[in-house]
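Participant: Take a look at the following structure, please.
The values are calculated or read from the model by the stated rules, or taken from the named source; none is laboratory data. All values derive from a computational prediction rather than experimental measurement. As a convention, Cβ positions derive from the backbone with ideal geometry for all residues, glycine included, and neighbour counts pool all protein chains shown. With ligands, DNA and RNA removed, areas are computed over all heavy atoms of the protein, side chains included. Shrake-Rupley method; radii C 1.70, N 1.55, O 1.52, S 1.80 Å.
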Amino acid sequence: MLTLLTATGCRPQAWRLCERWMMAQDYPGAVRWLVVDDGEEPQPVTFERAGWSLEVIRPTPRWKPGMNSQARNLLAGLDRLEPNDSLVVIEDDDYYGPGYLSAAESWLKRGELVGECMARYYNVARRVGRQLNNRSRASLCSTAMRGAAIKQFRKECKPGVQFIDMSLWLNFKGPKVLKETKHVVGIKGLPGRGGIGMGHKETFIGAQDPDGALLHEWVGEDARYYE
């Protein structure tokens, strides 16, 4: 079984898409999905899939503009884990191709910290995309873990750590697996609560994509859901 962890709140449109991408996953095994929602109003959860369970966690205080509650929310989900869980981080505003969970499960057979490097970021509000060159780590949205890596993840989820993924991949010394697959796209600029990564900022530089050709190249026909 895989356990998914998603921190969300005040992003109903992004959440609807996240439900869609998880419904399309080809992973045949059981899945437990931990959803930590700290928005003032609960996200409208409609997800139902055979073999999957979904648990919504509502930490307090609720998110307010200007707050960065990411570490607190991730810890709230980690508190629900069992010792032998295999954990996949799913970020609510990012794109996941149908084969991602199957791939992550296979990587976890060979490493305790695994993920997809060479990240691709796309800001749908500005129609700008960028291929990154991160060969030694994965973004949090494309990271999975088990065993000692989960213990390290807990240590990194603390106030003052702005980029938890960078700290996790730098500080974990156990077995790692990085793949240059193309399952995930870091989507930026969706309506609702703003993100904290560089792709959300006005200073984000990349390839201009006025006709959406680059996004279509990266996510295929699913690009229509971002129009």
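Participant: Mind checking which pairs have a first residue in region 8-25 that is free of Cβ contacts under 8 Å to residues at least 40 places away in the same chain and a second that is of a type in the set (Lys, Arg) and open to solvent by 40 Å² or more (accessible area, probe 1.4 Å), Cβ under 7 Å, 6 or more apart or different chains?
Facilitator: Cβ pairs passing all conditions: 23/49.
Participant: On to the next question. If you scan region 191-221, which residues turn out to be open to solvent by less than 40 Å² (accessible area, probe 1.4 Å) and modelled with pLDDT of 90 or more?
Facilitator: Once the filter is applied, which keeps residues that are open to solvent by less than 40 Å² (accessible area, probe 1.4 Å) and modelled with pLDDT of 90 or more, region 191-221 yields 206, 209, 212, 214, 215, 218, 219, 220.
Participant: Taking region 56-76 on its own, how many of its residues are over 16 Å from residue 4 (Cα atoms), open to solvent by 20 Å² or more (accessible area, probe 1.4 Å) and polar (S, T, N, Q)?
Facilitator: 2
Participant: For residues that are out of contact with any Leu (no Cβ under 9 Å at 6 or more places or on another chain), open to solvent by less than 50 Å² (accessible area, probe 1.4 Å) and free of Cβ contacts under 8 Å to residues at least 60 places away in the same chain, tally how many sit in region 26-51.
Facilitator: Matching residues across region 26-51 total 3.
Participant: Search region 91-111 for residues that are more than 18 Å from residue 176 (Cβ to Cβ) and pair each with any residue that is hydroxyl-bearing (Ser, Thr, Tyr) and at pLDDT 95 or above when their beta-carbon atoms are under 7 Å apart and the residues are at least 6 apart or on different chains.
Facilitator: What qualifies is 91/6; 92/6; 92/8; 101/27; 102/27.
Participant: Okay, next question. From the list 192, 186, exactly one residue is at positive phi and touching a Cys at 6+ places or on another chain (Cβ under 8 Å). Which is it?
Facilitator: It is 192.
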